[in-house]
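The values are calculated or read from the model by the stated rules, or taken from the named source; none is laboratory data. These numbers were taken from a predicted model, which means no experiment stands behind them. Positions of Cβ are generated from backbone atoms using ideal geometry, with glycine treated the same way; all protein chains shown enter the neighbour counts. Heavy atoms of the whole protein, side chains included, go into the accessibility calculation; ligands, DNA and RNA do not. Shrake-Rupley method; radii C 1.70, N 1.55, O 1.52, S 1.80 Å.
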Amino acid sequence: MRQQQTDRMKKRLMLACALLWAGANASAPRPLTPAPETGRFSMSSYLGKQPLLAWCDAPRRVLALLQYGIPAETAQATPPNGELYEWPKTAAGLGKIQVSEVQLGAPDPGAGQIYTPLKLTSGPRKGQSGYVHTSNIENTNDPAYRMTKTGEFKLGNDVYKCRYVKDAAFIGVTRKRTVIIWDNGKTATYATRNFDGSAGVYVTGGRRIPPGMEGGTHYEFSAPGGITYYVNIDANGPKTGASVIVRQDGHLEPGQPFLAYSVSLPKK
């Protein structure tokens, strides 16, 4: 009899403990879901040694937009607050540069799009209006993207669609070609798109060279035929600029500076 009473008490105690545990577990706060990772890369764009608001490698020309003032709160900006640089593409390379002063308005964001209005206040396009179209989805704030997308430049009745290479670590234009570099952290790939329509090069197995005392980012690519391509990007160093140097059979050719370029680096 006593044994039965003892067993019943044990069962009641176990039931009470189970109910207390269940209640405590139900009322305990659930662990918070970690916030999604923000951008892993930072991207900078330059015209030679000057930071750019945006630039465009279009089929027929290269355009670069430099902003040297604070964006206006309304479209009625005080002109000029920026400059537009244009190079026509020819079979012989980029043609003579054309520079126009521009009046930049306030960016107008939409569903995934940002339109920055502009009006040209000098040069052959004086009086023309247009915009620069960029993305607020495909940009470095999202870990899925390494480059921020510039979609197009519109100047008067002309629309220039821009080359976009989502996973590139670097994209830039020299006088004769576009250079693209992919970097997965272990190896790098080098490719060119020549303005004269000839076949470009595609070299895998490249490497990022450890920076020297001056900093910057540097790549080396060895191709068949004893050719080596060196790309020097001093965006983080005192020289600020970028160039590609070709060595063939021990002979170094003159460096080819990048007129406009963007570099995407892992955030520290």
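Only one residue in Gln103, Gln113 is without any contact (Cβ under 8 Å) to a residue 60 or more places away in the chain, over 29 Å from Gly197 (Cα atoms), surrounded by 20 or more Cβ atoms within 10 Å (Cβ to Cβ) and under 25 Å from the mean Cα position of the chain (by Cα). Which one?
Exactly one of Gln103, Gln113 is without any contact (Cβ under 8 Å) to a residue 60 or more places away in the chain, over 29 Å from Gly197 (Cα atoms), surrounded by 20 or more Cβ atoms within 10 Å (Cβ to Cβ) and under 25 Å from the mean Cα position of the chain (by Cα), namely Gln103.
For Lys89, state whether it is in a loop (DSSP other than H, G, I, E, B) and modelled with pLDDT of 95 or more.
Against the criterion (in a loop (DSSP other than H, G, I, E, B) and modelled with pLDDT of 95 or more), Lys89 does not qualify.
Search the range 119-141 for residues being of a type in the set (A, V, I, L, M, F, W, C) and modelled with pLDDT of 95 or more, and hand back the single one that is surrounded by the most Cβ atoms within 10 Å (Cβ to Cβ).
Result: Val132.
Go through the range 117-141 and give me each residue that's more than 16 Å from Asp158 (Cα to Cα) and β-branched (Val, Ile, Thr).
Of everything in the range 117-141, those that are more than 16 Å from Asp158 (Cα to Cα) and β-branched (Val, Ile, Thr) turn out to be Thr121, Thr134, Ile137, Thr140.
What pairs can you find where one residue is in the range 184-197 and outside any strand (DSSP E or B), the other is open to solvent by 30 Å² or more (accessible area, probe 1.4 Å) and among the β-branched types (Val, Ile, Thr), and their Cβ atoms are less than 9 Å apart, with a gap of 6+ or different chains?
Thr187/Thr204; Phe195/Thr90; Asp196/Thr90
Within the range 151-177, can you find the residues that are polar (S, T, N, Q) and open to solvent by 60 Å² or more (accessible area, probe 1.4 Å)?
Within the range 151-177, Asn157 is the sole residue that qualifies.
Do you know which residues across the range 171-214 are touching an Asp or Glu at 6+ places or on another chain (Cβ under 8 Å) and of a type outside the set (S, T, N, Q)?
Of everything in the range 171-214, those that are touching an Asp or Glu at 6+ places or on another chain (Cβ under 8 Å) and of a type outside the set (S, T, N, Q) turn out to be Ile171, Val173, Lys176, Trp182, Gly206, Arg207, Arg208, Ile209, Glu214.
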